[in-house]
Amino acid sequence: MEKQNLDWSNLGFEYRPIDKRFISNYKDGAWDEGTLSDDPEVRINECSGILQYCQEVFEGMKAYSRKDGSVVIFRPEMNAERMANSAEYIAMPPYPVEKFVEACDAVVKANLSWVPPYGSGASLYLRPYMFASGPVIGVKPSDEYQFRIIAMPVGPYFKGGAKPLSLVVSDFDRAAPHGTGHIKAGLNYAMSLHAYVDAHQRGFDENVFLDSATRTYIEETGGANFLFVTKDGEVVTPESHTILPSITRRSLMIVARDILGLKVSERPVKVDELKDFAEAGLCGTAAVISPVGKITYKGEEIFLPSGMKEMGPITKKLYDTLTGIQSGDIEAPEGWIHVVHPGK
Ligand code: PLP
Ligand code: COI
């Protein structure tokens, strides 16, 4: 199969309509079989629940080409389960886990020419999402929904790839203490945009949210969880009920403990502790692990000892091991790799 003629190694993280997307509709209490479509446009009622009350959830995952020509997805059942949890939390009918994975397979298989080649550093980003398509005017859940999976080839989330980021601790909150911070709903991302624009206008790459109850603990950024490395080599990640349970972060903690033999801990991390860490990184499907070089808090610049030029050594080991597992160069823990296309 011939690949598309793209500059694969220089792709950004941008939307690009490609050949096929999967669409399934929920009506009269049931999901239909779903179908692949050529049409990138969505047509919905002017009073749809998504337009009036923001009833929407989504996922982010990637398909990778391996050296042997096979194409795989990383832990798709985890995304399927998280999306079902997200949906139930905002009163939407969950899309069945098994059908979710089958639909991901169908989208990848129908767009094989768009899956970036092995070694390009790029991947096929999958964006499953579900929204209230039926009309509502009183505040209540819709009766009708649409589930879609779109896909597009992407490169690094942050421009500059592995260059350490400069972050700023935000003055704004992302998630309420008993709210929706732990689900992947578009409404959380709308909440983060003002802080995002504010940080970028002030020249930072990204903003850091604190817990909104006490504003003393590190939570996450608008699109990634944190990993820190202590000066004696322990990998620490913030524990919080108001952040997204990142699949990348949970996988990296297993990689750190079981493959790299490092000490790991998931615990609340005080913003005052930032100055004690040796390395920091942002992790997620899109971010992979993006190193952090500097965090500004209340006007004070806190430089991570790993510096502003390259990834810290432990962050690099985590990055190499995770991407090695995804591209098939390192043996994966059981069940982490879902083969979509067998290759040669
Ligand atoms: N936190 C937020 C707010 C995110 O949007 C994402 C991206 O999905 C993550 C963390 C990382 O999660 P995952 O590793 O499952 O992609
Ligand atoms: C992802 O990492 O897949 C995300 O969804 C983060 C961001 C692009 C919203």
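The values are calculated or read from the model by the stated rules, or taken from the named source; none is laboratory data. Bear in mind the structure is a predicted one, so any value in this text is a computation, not a measurement. Cβ placement follows ideal geometry from the backbone for every residue including glycine, while neighbour counts extend to all protein chains displayed. Accessible surface is based on the protein model in full, side chains and every heavy atom, while ligands, DNA and RNA are left aside. Shrake-Rupley method; radii C 1.70, N 1.55, O 1.52, S 1.80 Å.
Overview of values
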| read-out | value |
| --- | --- |
| Within the stretch 189-205, tally of residues that are buried (at least 18 other Cβ atoms within 10 Å of the Cβ) and in contact (Cβ under 8 Å) with a residue 40 or more places away in the chain | 2 |
| Residue in the stretch 70-100 that is farthest from ligand 2 (Cβ to nearest atom), counting only those that are open to solvent by 20 Å² or more (accessible area, probe 1.4 Å) and among the aliphatic types (A, V, I, L, M) | ALA91 |
| Checking LEU274 against (1) open to solvent by 10 Å² or more (accessible area, probe 1.4 Å); (2) more than 30 Å from PRO333 (Cα to Cα); (3) more than 16 Å from ligand 2 (Cβ to nearest atom); (4) of a type outside the set (Val, Ile, Thr), the condition it does not meet | (1) |
| Any hit, the stretch 321-337, residues being outside any strand (DSSP E or B), more than 16 Å from ligand 1 (Cβ to nearest atom) and touching a Gly at 6+ places or on another chain (Cβ under 6 Å) | yes |
| Which listed residue, of GLY281, GLY335, GLY343, is at positive phi and modelled with pLDDT of 95 or more | GLY335 |
| Condition broken by PHE303, with the remaining ones in (1) within 16 Å of ligand 2 (Cβ to nearest atom); (2) over 24 Å from the mean Cα position of the chain (by Cα) satisfied | (1) |
| Filter result (more than 16 Å from ligand 1 (Cβ to nearest atom) and either in a loop (DSSP other than H, G, I, E, B) or hydroxyl-bearing (Ser, Thr, Tyr) (or both)) within the stretch 160-208 | GLY160, GLY161, ALA162, LYS163, PRO164, SER166, ASP171, PRO177, HIS178, ARG202, GLY203, PHE204 |
| Pick from the stretch 241-269, criterion away from ligand 2 (no atom under 16 Å from the Cβ) and free of Cβ contacts under 8 Å to residues at least 40 places away in the same chain, ranking: surrounded by the most Cβ atoms within 10 Å (Cβ to Cβ) | MET253 |
| All positions within the stretch 203-219 that are within 17 Å of LYS298 (Cβ to Cβ) and within 16 Å of ligand 2 (Cβ to nearest atom) | ASN207, VAL208, PHE209, GLU219 |
| Condition met for ASN45 (open to solvent by 60 Å² or more (accessible area, probe 1.4 Å) and touching a strand residue (DSSP E or B) at 6+ places or on another chain (Cβ under 8 Å)) | yes |
| Meets criteria (surrounded by 23 or more Cβ atoms within 10 Å (Cβ to Cβ) and within 16 Å of ligand 1 (Cβ to nearest atom)) for VAL288 | yes |
| Qualifying residue in the stretch 294-306 (condition: in contact with a Ser or Thr (Cβ under 7 Å, 6 or more places away or on another chain) and closer than 17 Å to ASP205 by Cα) | yes |
| Only one of TYR129, TYR157, TYR125 that is under 28 Å from ALA106 (Cα atoms), part of a loop (DSSP other than H, G, I, E, B), of a type in the set (Phe, Trp, Tyr) and in contact with a strand residue (DSSP E or B) (Cβ under 9 Å, 6 or more places away or on another chain) | TYR157 |
| Residues of the stretch 49-89 that turn out to be in contact (Cβ under 8 Å) with a residue 60 or more places away in the chain, over 29 Å from GLU331 (Cα atoms) and among the charged types (D, E, K, R), as a count | 1 |
| Subset of the stretch 209-227 that is within 12 Å of ligand 1 (Cβ to nearest atom) and part of a strand (DSSP E or B) - its residue that is surrounded by the fewest Cβ atoms within 10 Å (Cβ to Cβ) | PHE226 |
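To keep it simple, each residue is scored yes or no on (1) modelled with pLDDT of 95 or more; (2) away from ligand 2 (no atom under 15 Å from the Cβ); (3) under 16 Å from the mean Cα position of the chain (by Cα); (4) not β-branched (Val, Ile, Thr).
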site: GLY134; (1), (2), (3), (4): yes, yes, no, yes
site: GLY138; (1), (2), (3), (4): yes, yes, no, yes
site: SER142; (1), (2), (3), (4): yes, yes, no, yes
site: GLY181; (1), (2), (3), (4): yes, no, yes, yes
site: GLN201; (1), (2), (3), (4): yes, yes, no, yes
site: THR221; (1), (2), (3), (4): yes, no, yes, no
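Residue-wise test of (1) under 19 Å from the mean Cα position of the chain (by Cα); (2) away from ligand 1 (no atom under 16 Å from the Cβ); (3) closer than 27 Å to SER65 by Cα.
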residue	(1), (2), (3)
ASN79	yes, no, yes
ARG82	yes, no, yes
ALA87	yes, no, no
ILE90	no, no, no
LYS99	no, yes, yes
PRO116	yes, yes, yes
TYR125	yes, no, yes
PRO128	yes, no, yes
